[in-house]
1. With a point put 7 Å past each Cα toward its Cβ, work out how far Gln47 is from Leu125 in nm, to one decimal.
2. For Arg200 paired with Leu213, estimate the spin-label separation in nm (one decimal), with each label point 7 Å from Cα along the Cα-to-Cβ line.
3. Residue by residue through segment 67-72, which ³J(HN,Hα) values in whole Hz follow from phi under the Karplus form 6.51 cos²θ - 1.76 cosθ + 1.60 (θ = phi - 60°), with glycine and proline marked x?
4. Starting from 0.36 nm per residue, how many nanometres of slack lie between Arg180 and Gln112 once their C-alpha separation is accounted for?
Amino acid sequence: MSRRGIRLVHLCTVFLIVGLTGGWCVQGLQTTAWASPGTDVFQGFTQHIGAQIGKDKQEFAIADSCTVYFYQHLNKKPRPEVERIHFSPLSKTGLDPDCAKLFPEGLEQARQAFGNTQQRLSLSLTFFQMALVGDGDDNQEYSADEIQDVLEAFGLPFQEGQPLGIHMRALTGLFDSIRRDVQFKVLMDGMQVLMNKGYRFTDADQTALNQELN
């Protein structure tokens, strides 16, 4: 619940104790039960990045396991044809038949995929960190000033009075663009601009990032 909502609950409790009508309080609580636009922007932005992190982790794990698979079989001679058709449970052989299909060129292709997927996963996680830093007061909500600071840190315009949905699309589009071109320098420069304005990576941010890493 936002700080405004907490203050409202406390105020309603005081009014009810002294015997005043609770109608206004019930109406106020029903209003604050809905997410504010700033919360919607923050949640939409971080969930967009988080969904990509999930995909990146899966692709990285596949490339990692297949690289290990090809290394393990690099110097092994092919088995005789009779042995090849002999049934052997995968749990005993440890083989992953999908590796040959996913990486028909073998070890070098798997190693290249390993490096690429590791790089993209690292970028996605770093961008998620930046999105958390942009929530300066750790209330899981972007104020208009915070949205403006994040956008302008990357050279994007902020026009006051525009629907916040437009700003969220600008933020998610920024992530997609930076990730597509693997622009680590652009990302780090933008984060440094935020740091220069007083934004910091806090313990709450670290906890949220750890949840994405698990």
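1. 2.4
2. 2.0
3. Karplus values, whole Hz, x for Gly and Pro: 4, 4, 4, 5, 4, 5.
4. 22.8 nm is the gain from fully extending Arg180 to Gln112.
None of the figures in this text is laboratory data; all of them are computed from the coordinates on show. Owing to the predicted nature of the structure, the values given are computational and were not obtained by experimental measurement. Cβ: placed from backbone, ideal geometry, glycine included. Neighbour counts: every protein chain shown.
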